[in-house]
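Here is the structure we will look at, set down as structure tokens.
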């Protein structure tokens with residue numbers, strides 16, 4: 001049995017400790033039966049999650065018919081559609097895990113259809129620049145959901161995300177060049 005030391009919470013609880021608050025993963029606290037210590041969930045619009053955060057992905061061979069059929073039975077349609085929209089947005093933004101792009105998605109049944117609401121944001125390196133846009137569309141397929149993500153990315157780019165992402169790329173290149181120069 002693994003003994004878990006709650007060193008982070010001990011630092012928070014220490015009367016002479018340096019912390020007044022901590023930001024920790026809710027899932028981790030719940031998993032170790034410390035969910036009662038959570039005082040606030042940080043949700044949008046305060047904090048947007050990373051693309052497809054919390055979704056479980058299974059990678060299989062594209063020619064494995066049996067695995068494909070099994071995965072179809074396991075697939076949670078709502079999660080698939082939301083994650084597909086989020087990933088399409090990130091793909092158009094040409095972002096990755098190190099780019100400050102956040103999303104929030106919601107799929108709701110409405111008037112005989114389903115409405116996908118996708119909010120995305122891109123934040124500058126120092127946090128002073130921030131672009132946020134929301135798009136709601138009726139979707140009937142995973143392809144429709146991807147189109148919503150692509151449209152949202154274009155809205156973000158038009159609203160200023162392109163400049164932020166260009167600045168991030170310039171900064172990344174500068175840091176790479178500095179690291180190479182330091183190696184010499």
*Would you mind classifying segment 65-183 by shape? Square roots of the alpha carbon gyration tensor eigenvalues, ordered a ≥ b ≥ c; an a/c under 1.5 is rounded, otherwise it is prolate if a/b is larger than b/c and oblate if not.*
oblate
*asked:* So, R0 is 35 Å and r is the distance between the beta-carbons of residue 70 and residue 14; what FRET efficiency does that work out to, to 0.05?
replied: 0.10
*asked:* Cut-off 10 angstrom, C-alpha nodes, Gaussian network model of the chain. Which of 161, 109, 25 fluctuates the most?
replied: 25
_Using a Förster radius of 22 Å, what is the FRET efficiency between residue 169 and residue 49 based on their Cβ-Cβ separation? Nearest 0.05, please._
0.45
_If each DSSP helix of 4+ residues adds -39,500 (n - 2.57) and the sum is divided by the residues in the chain, what number results at 222 nm, nearest 500 deg cm²/dmol?_
-13000 deg cm²/dmol
*asked:* Between segment 91-137 and segment 41-87, how far is it from one alpha carbon centroid to the other, in angstrom?
replied: 16
_Below 8 Å, C-alpha to C-alpha, sequence gap of six or more: please give me the relative contact order for the chain in percent._
17
*Subtracting the Cα-Cα distance from 0.36 nm times the residue separation, let me have the gained length for residue 21 to residue 60 in nm, one decimal.*
9.9 nm
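Bear in mind that the values in this text are calculations on the coordinates, not laboratory data. Bear in mind that the values here come from a model prediction, so they are computed numbers and not experimental data. Neighbour counts run over all protein chains shown; Cβ positions are idealised from the backbone, glycine included.
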